[in-house]
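Participant: I have a structure I would like to understand better, so I am pasting it below and will then ask my questions one at a time.
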Amino acid sequence: MACYRHALVLIEDQNDGLVLLEHAASVAESLDMTITLAHISDDYRSMNYVADSMMNDVVADEIIRAKTLFSQLLLTTPHPVNVRHFVTLRRLEEIEQCIRQSGIDLLIAGHRNRLMSMFTSRCMSYINNLDVDVMIKHILPARQK
């Protein structure tokens with residue numbers, strides 16, 4: 001097994017955030033690894049060619065929700081965790097840039113086994129396009145835990 005130094009943990013919500021952060025913290029303890037917790041929001045403003053305060057409000061609300069999520073998740077682990085929030089439509093390019101700049105050698109993401117996940121999950125894109133190891137953790141629906 002490779003000795004990882006820095007993991008980027010991509011989360012979407014509280015359900016996957018708790019599972020992924022707990023898993024990353026347990027791996028980090030044994031490997032003395034740094035954890036960066038990240039959330040990616042879509043930048044709807046870049047799709048709109050006319051200034052629209054409604055789009056700015058949607059993006060601002062998403063950023064506030066992500067910061068609240070980070071605050072809640074950081075209370076669940078004693079391990080030191082860095083946070084990073086991306087607002088972009090170029091998800092893969094932003095992650096690649098973060099990996100290069102931060103010296104990340106492991107990406108941890110969650111996957112829900114649902115019908116629509118086959119079409120909407122970005123896990124295969126991470127596996128096929130990133131130059132770091134990718135760990136995919138299965139996320140059970142809340143009622144099956």
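Participant: Residues in segment 34-45: is at least one more than 17 Å from the chain's Cα centre (by Cα), open to solvent by 60 Å² or more (accessible area, probe 1.4 Å) and modelled with pLDDT under 90? Talk me through it step by step, then tell me what you get.
Facilitator: Start the filter on segment 34-45 by keeping residues that are more than 17 Å from the chain's Cα centre (by Cα), which leaves 44-45.
Filter again for open to solvent by 60 Å² or more (accessible area, probe 1.4 Å), leaving 44-45.
Narrowing the set further to residues that are modelled with pLDDT under 90 leaves 44-45.
Yes, the conditions are met somewhere in segment 34-45.
Participant: Taking segment 83-103, which residues are touching a strand residue (DSSP E or B) at 6+ places or on another chain (Cβ under 8 Å) and either loosely packed, with under 14 Cβ neighbours inside 10 Å or part of a loop (DSSP other than H, G, I, E, B) (or both)? Spell out the reasoning first.
Facilitator: Taking segment 83-103 as the starting set, the residues that turn out to be touching a strand residue (DSSP E or B) at 6+ places or on another chain (Cβ under 8 Å) are 83-88, 91, 94-95, 98-99, 102-103.
Result: Thr88, Gly103.
Participant: Could you check, for segment 83-97, whether at least one of its residues is more than 15 Å from the chain's Cα centre (by Cα) and modelled with pLDDT under 90? Quick ask: steps written out before the conclusion?
Facilitator: Within segment 83-97, the first condition is being more than 15 Å from the chain's Cα centre (by Cα), and the residues that meet it are none.
For segment 83-97, residues more than 15 Å from the chain's Cα centre (by Cα) and modelled with pLDDT under 90: absent.
Participant: What pairs come out if I take residues in segment 108-132 that are over 22 Å from Glu94 (Cα atoms) and pair them with residues that are open to solvent by less than 40 Å² (accessible area, probe 1.4 Å) and at pLDDT 65 or above whose C-beta lies under 6 Å away, six or more apart or interchain?
Facilitator: Close Cβ pairs satisfying both conditions: Arg112/Ile139.
Participant: Criterion first (touching an Asp or Glu at 6+ places or on another chain (Cβ under 8 Å) and either open to solvent by 20 Å² or more (accessible area, probe 1.4 Å) or modelled with pLDDT under 85 (or both)) does Val59 satisfy it?
Facilitator: On the way: touching an Asp or Glu at 6+ places or on another chain (Cβ under 8 Å): yes; either open to solvent by 20 Å² or more (accessible area, probe 1.4 Å) or modelled with pLDDT under 85 (or both): yes.
Yes.
Participant: Continuing with the same structure: Those residues that are within 13 Å of the chain's Cα centre (by Cα) and open to solvent by less than 10 Å² (accessible area, probe 1.4 Å), I need them from segment 16-33; list them, please.
Facilitator: Filtering segment 16-33 down to residues within 13 Å of the chain's Cα centre (by Cα) leaves 16-21, 24.
Once the filter is applied, which keeps residues that are within 13 Å of the chain's Cα centre (by Cα) and open to solvent by less than 10 Å² (accessible area, probe 1.4 Å), segment 16-33 yields Asp16, Gly17, Leu20, Leu21, Ala24.
The values are calculated or read from the model by the stated rules, or taken from the named source; none is laboratory data. Owing to the predicted nature of the structure, the values given are computational and were not obtained by experimental measurement. Positions of Cβ are generated from backbone atoms using ideal geometry, with glycine treated the same way; all protein chains shown enter the neighbour counts. Protein only, heavy atoms only, side chains kept; ligands, DNA and RNA dropped before computing areas. Shrake-Rupley method; radii C 1.70, N 1.55, O 1.52, S 1.80 Å.
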